[in-house]
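Take a look at the structure below.
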Amino acid sequence: MGKRIIQQARGRGGPRYRAPSHRYLGKIEYKPLGLSLIGKVKDILHDPGRSAPVAIVRFEDGTEMLHLACEGLKVGDEVYYGKVKDGSVAYLKDIPVGSKVFAIENYPGSGPKYCRASGSFAIILGKSEDKVTLQLPSGKILELDGRCRATVGVAAGGGRTEKPWVKAGKKWHAMRARGKLYPRTSANKMAPVDHPFGGKKKQRRPPVSRWKKPPGAKVGTISPKRVGRKKGRKL
């Protein structure tokens, strides 16, 4: 009897695959639609659950909320709702074409969904009636409702991927902080007892004659001049 494969074990939800959400700072969200508020950045912190730094914003009504920090944002800066300024939140329809935005809603009032990773941003390509067209970091073109909100600027923490891990242990700790399974063994390299893909070898089809008749014609290497590895010249 075989073992549970990784997909089954992960779906079952054991402690090995469970993200330590009790250590995360909280949810990134926006204020309800229709409000024009001014907030002040109280602190900028690292959240183990995400790559971009998080800003604690205190609003004039006394409430505090977590926002993804914009590049260049610092403690004491003001965050506006409804004003087109780096680090502030505005409707897509009010942001000029060509601007960079991140933490974008996928429908009005949904909260930030797109471009939340460090250094990521989307570019506003155009507007038509009540729709706004954006280009995501992947190159995909997306059309959204103009009432969707986004933060103006670029998500802070860009260049994070340029720093090498140097040691395998550093990456192990980083992956463990998010509940990622690391290191991950390829299924093809496992034994048959561990995975359905296991125990398979890479095999080459035998050469086929140029004049072979069906069945079997045009299968594999057709009339090759030679097969196998080239042996190195002996000095």
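Worth a mention:
- Scan of region 144-189 for residues that are of a type in the set (Ser, Thr, Tyr) and either more than 19 Å from the chain's Cα centre (by Cα) or on the phi > 0 side of the Ramachandran plot (or both), ordered by number: THR185, SER186
- Condition check for ALA90: in a strand (DSSP E or B) and among the small types (Gly, Ala, Ser): yes
Yes/no matrix, rows are residues, columns are (1) surrounded by 14 or more Cβ atoms within 10 Å (Cβ to Cβ); (2) touching a residue at least 60 places away in the same chain (Cβ under 8 Å); (3) within 16 Å of ALA69 (Cα to Cα); (4) not acidic (Asp, Glu):
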position	(1), (2), (3), (4)
LYS3	no, yes, no, yes
ILE6	yes, yes, no, yes
ALA9	yes, no, no, yes
HIS22	no, no, no, yes
LEU25	yes, no, yes, yes
SER36	no, no, no, yes
GLY39	yes, no, yes, yes
LYS42	no, no, yes, yes
ALA52	yes, yes, yes, yes
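- Of all the listed residues (SER138, SER209), the sole one being in contact with a strand residue (DSSP E or B) (Cβ under 9 Å, 6 or more places away or on another chain), loosely packed, with under 14 Cβ neighbours inside 10 Å and either at pLDDT below 85 or within 30 Å of PRO53 (Cβ to Cβ) (or both) is SER209.
- The residue that is nearest to the chain's Cα centre (by Cα), among those in region 126-143 that are within 25 Å of ALA69 (Cβ to Cβ) and touching a residue at least 12 places away in the same chain (Cβ under 8 Å), is PRO137.
- A Cβ distance below 9 Å, combined with a sequence gap of six or more or placement on separate chains, defines the contacts here; from region 64-85, residues that are among the basic types (Lys, Arg) reach residues that are crowded, with 19+ Cβ neighbours inside 10 Å in the pairs LYS74/VAL41; LYS83/VAL89; LYS83/ALA90; LYS83/VAL152; LYS85/VAL79; LYS85/VAL152; LYS85/GLY153.
The values are calculated or read from the model by the stated rules, or taken from the named source; none is laboratory data. Everything numeric in this text was worked out from a predicted model, so none of it was measured. Here the Cβ is made from the backbone with ideal geometry for all residues, glycine too, and neighbour counts use every protein chain on show.
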